[in-house]
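Working notes, structure below.
The values are calculated or read from the model by the stated rules, or taken from the named source; none is laboratory data. Here the structure is a predicted model, which is why all the values come from computation and not from measurement. Quick reminder, even Gly has a Cβ in these numbers, built from the backbone with ideal geometry, and neighbours come from all protein chains shown. Accessible surface areas use protein heavy atoms only, side chains included; no ligands, DNA or RNA. Shrake-Rupley method; radii C 1.70, N 1.55, O 1.52, S 1.80 Å.
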Amino acid sequence: MSAFVNYVADDARGSPLNLAVVRVLLGTYVIWRVLSLEWAAYGEWPDFHVDETIGFLHQDLLFALLPYQQWVVTALLVLFIVGYRTRWTGGLASLLLMHMLSVKATIYLAGTVESLFICGYLLLLFALFAEDDPLSVDGFRRTGERSLAELNTVLTDGTDRAYRMRALKWGLLAVAIIYVGSAWGKALNGPLEIWLSGAELQRDILFYGELTGIDRALGAPIVEHEWLAWVGFVGTALIQVSLFAAVVFGVSVTLPILGILGFHISVILTLGLYFIDMLLVLSLFAAWDGAYRRLVAAADEPVRVGYDDHWSGCVRTLAVLAHLDVTDSVEFVPQSDAPSALTDREKGLVLVRDGTGYHGYEAGRQLLSQFRLCAPLAVAMATPPVRALGTRLYAAAAPARTRSLVDETD
């Protein structure tokens, strides 16, 4: 199995986990970057730094708004991370973020800004294809639009399903195009013979060495040997173009992405922390679901779960959790058809593992522990304060379940 996924070749996966992982990583990273940048200081830069192509954005009012916008973006991204109203939170966060970056770009367009622009594109794509993501608050909310019969079918039909990853598909294509643009831009900005000779790379290494006062041993051979500088330029351009070629022709993108990661690491070692953010951006296209599948393959023995198939809250919750069962390690059995060992009309939920039965709140905790990704939550649920509160909340839901069942029976 490849370490990275070519979503352009096939945007369907057997698990929606990649979308959830990327949503959390992307949102968390952007929050960190947005809060770490000194937005209030950018308005104090001299006017001669203005990029005239977007000079109309170089306004005192827009710079004054940046420190306030960063908190609005942060609040939106917190909601985006949990997948709440992703179409709005992700979309607005994307537009605000790209506006802030455009204002900053009027004075200084650094690698961090360019990387955050890519993150802005990804946020927008998640907003456009929000319905693809079932492991989210929105995914749970959407279960309320489906009948109990449909949700019970989700639980009893196993995990042989396909999930679309359109946000990652178009995001990968955008990243591949950007890298081609980077390679092509060198040829357009020319003169090409300087780039081909490696002189530009040698000059950059010397310049940044003098600017930072740091002697980078890896850069010394490139400065001394022109052929190494030539290999550095040509090799980089070929690696950047290879990603686009792999994406378009539908072959594995693992080697091109590993090559680009190596390129970025070599830049860090020779020039400094330039475009370090792209290490995170490229990792978003990793096969996270494959790693998760290997992790849960070594899980405990399969379990059987008897659930009250008339309790809508329970069925909706289990329908979301079922997306994590990528190895069919959980057998969901409706209690209307279940044997006595899996039936508890008062508790509503029974889990049997290795002949031992768990009921109610503890059954839910054991179910979460079955999915290794939720193991930390299951451990937290076992602590006395959380257990006491959780047991009370679960018991409080039981009367509501009973009334719902009576109403449906009537």
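Things worth noting here:
- Amide H contacts for L284 (H built 1.01 Å from N in the peptide plane; partners 5 or more residues away or on another chain; cut-off under 5 Å): none found.
- Amide hydrogen proximity for L349: with H placed 1.01 Å from N in the peptide plane, the residues at 5 or more positions away or on another chain lying under 5 Å are G360.
- Couplings 3J(HN,Hα) of the stretch 249-255, computed from phi: 8, x, 9, 4, 9, 4, 5 Hz, in residue order, whole Hz [Karplus 6.51 cos²θ - 1.76 cosθ + 1.60, θ = phi - 60°; x for Gly and Pro].
- Simple label model, 7 Å out from Cα along Cβ direction - A380 to A291, nm: 2.1 nm
- Under 5 Å from the amide H of F4 lie the amide H atoms of T254, A287, each residue being 5 or more positions distant or on a separate chain, with H modelled from the backbone and absent for Pro and chain starts.
- 1.4 Å probe accessible area per residue over the stretch 250-379, in Å²: 41 Å²
- Approximate spin-label separation L255-L61, in nm, with each point projected 7 Å along Cα-to-Cβ: 5.5 nm
- Whole-Å distance, taken between Cα centres, linking the stretch 323-377 and the stretch 41-108: 46 Å
- Within the assembled protein chains, the solvent-accessible surface assigned to S102 is about 30 Å², based on a 1.4 Å probe.
- In terms of accessible area, using a 1.4 Å probe and ignoring ligands and nucleic acids, W45, W71 rank largest first as W71, W45.
- Per-residue SASA remark: I276, around 60 Å² accessible (1.4 Å probe; ligands, DNA and RNA not included).
- Long-range Cα-Cα pairs in the stretch 1-90 (distance over 21 Å), rounded percent: 53 percent
- Residue-by-residue Karplus 3J(HN,Hα) for the stretch 112-129, coefficients 6.51, -1.76, 1.60, Hz, glycine and proline x: 4, 5, 5, 5, 5, 4, 4, 4, x, 4, 5, 4, 5, 5, 4, 5, 5, 10
- Global form of the stretch 335-399, assessed from the alpha-carbon gyration tensor, a/c cut-off 1.5: oblate
- Each residue of the stretch 163-173 was assigned a 3J(HN,Hα) from its phi angle through the Karplus expression (A = 6.51, B = -1.76, C = 1.60, θ = phi - 60°), giving 10, 7, 10, 5, 4, 6, 4, 6, x, 5, 4 Hz with x at Gly and Pro.
- Heavy-atom accessible area with a 1.4 Å probe sorts F140, F80, largest first, into F140, F80.
- For the stretch 49-88: Kirkwood Rh in Å [reciprocal of mean 1/r, alpha carbons]: 12.2 Å
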